[in-house]
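Some notes on the structure that comes next.
Please treat every number below as a calculation from the coordinates, not as lab data. Note that the coordinates shown come from a computational prediction; the quantities given were computed from them, not determined experimentally. Here Cβ is always computed from backbone atoms with ideal geometry, including for glycine, and neighbour counts include all displayed protein chains.
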Amino acid sequence: MISDALHSIWSELPPGTKLVAISKYHPVSAISEAYACGQRLFGENHVQELIQKVEQLPKDIEWHFTGHLQTNKVKYIVPFISLIHSVDSLKLLREIDKQGKKLGRKVGCLLELHVAAEDSKYGFSPDALISLHSSGELGCLDYVDIRGLMCMATNTDDDMRISSDFSNAKSVFDVLKSRFYSDTPSFCELSMGMSDDYHLALSHGSTIVRIGTRIFGERQY
Ligand SMILES: *Cc1c(COP(=O)(O)O)cnc(C)c1O
C-alpha cells in the first residue's frame, strides 16, 4: 500500500519537485517501509517524536520539521534537521541562528505564510513578511538560511478557495524573491500541498509537497 501510494505520487511530481513524506503519528515500521521503496525525505511535527524516530532509523534519511516549533526546543533539532518549514516569528529565527552558530551549522528554514481563512493557523501575514524583510533584522542572522515559504490552504472542500490561497502564496513568494532575494538562488522553495490538495498546489507552483495520509493512511492519535 505504502509502495503503491509512493509510486503514484512520484509519477505525478514535476521534475525538481520534492515529496516530504509526513510520518507524524505513524510507527517507525511504516517509515522503514517507505524507506525500502526509496523514499529518503520525511517530515515530523513534534520534536520528541522526531528525535525518537531519528535514533531508530537509517542515517541517510533527510528530516524536515513541519510542526509548530517552540523556541526552547530548537536546540534539540538544529544538529541534524535539514529544513524547518514552519518558522513563524523573528524570535524563533533568532534562536535558530543562535543554536546554528554554536554548532557552526547554517540551518535551512522556510518562513510560514498565513493565507488560509482560519485564524487559528500560525504564520506571518504577507505584510508582516514584507516588514520583516524591510526592517534589516534578517541581515545579522548568519546561521539561518531562508530558502523560501511554506503555507497551508484553508481547510475546506471549496477548490476555488484553496486555489486562491495557493495563488496568493505564489504571488507573495514572487514579490519577496524579486524585492529581497533576486541575488539569492537558494531562495527557491514554495512548500505547499498536502494529501487532499497537492494537485492544486503543484498547479500553482509548489516545489515541495508534504503528504502524510495518502502515503501512510489515517493517523492513529
Ligand atoms: C500533517 C501535516 C501534513 C500532512 O497532511 P496529510 O493531510 O496527512 O497529507 C502536511 N503539512 C503539515 C504542516 C502537517 O502538519
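Just list whichever of 24/91; 24/59; 59/170; 53/177; 101/177 have alpha carbons separated by over 30 Å in the model shown. Violating the 30 Å Cα-Cα cut-off are 59/170; 53/177. Exposed loop sites here mean GluC sites (Glu not before Pro) with a DSSP loop assignment and at most 12 other beta-carbon atoms within 10 Å; the chain contains its longest site-free run at 1-117. Centre-to-centre separation between the Cα atoms of segment 20-72 and those of segment 112-132: 26 Å.
Counting only Cβ charges, +1 for Lys and Arg and -1 for Asp and Glu, the dipole size of the chain around its Cα centre is about 880 debye. Can you tell me which of 192, 160, 150 moves the most in a GNM of the chain? Springs connect C-alpha atoms under 10 Å apart. Of 192, 160, 150, the Gaussian network model singles out 160 as fluctuating most.
Straight-line cross-link reach from residue 98 at under 21 Å between alpha-carbon atoms covers these lysines, not counting any fewer than eight positions away in the same chain: 73, 75, 106.
Would you please name the chymotrypsin sites (Phe, Trp or Tyr not before Pro) within segment 25-132 that are DSSP coil residues with at most 15 other C-beta atoms within 10 Å of their C-beta? Mind dumping the intermediate values first?
On the way: sites: 25, 35, 42, 63, 65, 76, 80, 122, 124; in loops: 25, 80, 122.
Here the sparse-neighbourhood loop sites are 80, 122.
Report the far tail of the P(r) of the chain, meaning the percent of Cα-Cα pairs longer than 25 Å. Percent of Cα pairs beyond 25 Å in the chain: 38.
Choose one of 63, 39, 173: the residue whose Cα lies farthest towards the positive end of the charge dipole of the chain (beta-carbon charges +1 Lys, Arg; -1 Asp, Glu; about the Cα centre). Result: 63, furthest along the dipole toward the positive end.
GNM on the chain, C-alpha springs below 10 Å: top fluctuator among 207, 156, 66? Of 207, 156, 66, the Gaussian network model singles out 156 as fluctuating most.
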